[in-house]
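Student: The structure is given below, and queries will be raised subsequently.
The values are calculated or read from the model by the stated rules, or taken from the named source; none is laboratory data. Being a predicted model, the structure only gives us computed values, none of them experimental. Here the Cβ positions follow ideal geometry from the backbone for every residue, glycine too, while neighbour counts run over all protein chains shown.
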Amino acid sequence: MSGALTIRVAVESDLPALRTLMTLSIDHGQAAVLTPEQVAASRAVMGLDTQLVRDGTYFVVEEEGMPVGCGGWSRRATLYGGDHSTALRDPALLDPVTDAARIRAMYTHPGHVRRGIGRMILDHCERAAGAEGFAAVELMGTAGGVPLYVACGYMPVERADAEVDGVVVPLTRMRKPLRAMA
């Protein structure tokens, strides 16, 4: 029997556990849809963006005090990538009137998939972005994440594959309008 899932804002002391969770998610979660070379290459474009934690817009889902999922949203222009992917980073603040908020760094522990963790994080992020006046959200979906995002109302905007040392990592830019948050 599984325990109750809770969600809270991530804090600096969560970083080591979140890095471990992300590694497991990338290595095991993407293995079903990517080649081993693509999984290895995806580490160069995926990972933890500590700016989200500092901004208070990154969340951890726990079961009995153990992290089983994480993800967040951002009011900054960076669409995807971790601290190490400096070429992708743009800390400029978005304008809620004209820009879409960003959904960022969604990961689920491979032993806890298909339990609603991704939907829980998306809902939490969408509500928070809507409460700050954003009318839409965008994200960069991995091959493993796209089915979840489509099921949650995200529409593909464009393929935006990343190439790392000659290995193509399939990525899809996706967007979702938000209903007015009351």
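Student: Restricting the search to the stretch 75-94, which residues are of a type outside the set (S, T, N, Q), farther than 17 Å from Gly130 by Cα and touching a Leu at 6+ places or on another chain (Cβ under 8 Å)?
Tutor: Answer for the stretch 75-94, where residues must be of a type outside the set (S, T, N, Q), farther than 17 Å from Gly130 by Cα and touching a Leu at 6+ places or on another chain (Cβ under 8 Å): Leu79, Tyr80, Gly81, Gly82, Asp83, Leu88.
Student: Another one. Here's a check for you: in the stretch 111-122, which residue that is within 14 Å of the chain's Cα centre (by Cα) and buried (at least 17 other Cβ atoms within 10 Å of the Cβ) is farthest from Arg75 (Cα to Cα)?
Tutor: Once the filter is applied, the top-ranked residue is Ile117.
Student: Further question on the same structure: What's the total number of residues in the stretch 1-13 that are touching a residue at least 40 places away in the same chain (Cβ under 8 Å) and more than 16 Å from the chain's Cα centre (by Cα)?
Tutor: Qualifying residue count, the stretch 1-13: 7.
Student: Within the stretch 19-48, can you find the residues that are of a type in the set (A, V, I, L, M, F, W, C) and in contact (Cβ under 8 Å) with a residue 60 or more places away in the chain?
Tutor: Leu21, Met22, Leu24, Ile26, Ala32, Val33, Leu34, Ala40, Ala41, Ala44, Val45, Met46
Student: Grab the strands (runs of 3 or more DSSP E) fully contained in the stretch 123-182, keeping just those with 2 or more residues being small (Gly, Ala, Ser) and either modelled with pLDDT of 95 or more or under 14 Å from the mean Cα position of the chain (by Cα) (or both).
Tutor: The strands (runs of 3 or more DSSP E) meeting that bar are 136-142.
Student: Just wondering, is there one or more residues in the stretch 63-82 that are outside any loop (DSSP other than H, G, I, E, B), hydrophobic (A, V, I, L, M, F, W, C), within 18 Å of Thr142 (Cα to Cα) and modelled with pLDDT of 95 or more?
Tutor: The answer is yes, given that some residue of the stretch 63-82 is outside any loop (DSSP other than H, G, I, E, B), hydrophobic (A, V, I, L, M, F, W, C), within 18 Å of Thr142 (Cα to Cα) and modelled with pLDDT of 95 or more.
Student: Could you look through the stretch 90-126, keep only residues that are touching a residue at least 12 places away in the same chain (Cβ under 8 Å) and basic (Lys, Arg), and pick out the one that is farthest from Thr142 (Cα to Cα)?
Tutor: Once the filter is applied, the top-ranked residue is Arg115.
Student: Could you please let me know if Arg89 is over 17 Å from Ile7 (Cβ atoms), modelled with pLDDT under 95 and not hydroxyl-bearing (Ser, Thr, Tyr)?
Tutor: yes
Student: Here's something else I'd like to know. Of everything in the stretch 143-167, what is touching a residue at least 60 places away in the same chain (Cβ under 8 Å) and in contact with a helix residue (DSSP H, G or I) (Cβ under 7 Å, 6 or more places away or on another chain)? Give them in sequence order.
Tutor: Within the stretch 143-167, Gly144, Val164, Asp165, Val167 qualify.
Student: Next question. With the structure loaded, tell me whether Glu64 is surrounded by 14 or more Cβ atoms within 10 Å (Cβ to Cβ) and touching a residue at least 40 places away in the same chain (Cβ under 8 Å) or whether it fails that test.
Tutor: No, not satisfied.
Student: Could you say which residue among Thr142, Thr108, Thr172 is of a type outside the set (Asp, Glu), buried (at least 22 other Cβ atoms within 10 Å of the Cβ) and within 17 Å of Leu88 (Cα to Cα)?
Tutor: Going through Thr142, Thr108, Thr172 in turn, just one is of a type outside the set (Asp, Glu), buried (at least 22 other Cβ atoms within 10 Å of the Cβ) and within 17 Å of Leu88 (Cα to Cα): Thr142.
Student: From the set of residues in the stretch 29-48 that are under 16 Å from the mean Cα position of the chain (by Cα) and assigned to a helix (DSSP H, G or I), which is nearest to Ala87 (Cα to Cα)?
Tutor: Ser42
Student: Among the numbered criteria (1) touching a strand residue (DSSP E or B) at 6+ places or on another chain (Cβ under 6 Å); (2) buried (at least 21 other Cβ atoms within 10 Å of the Cβ), which one does Gln30 miss?
Tutor: Status for Gln30: all satisfied but (1).
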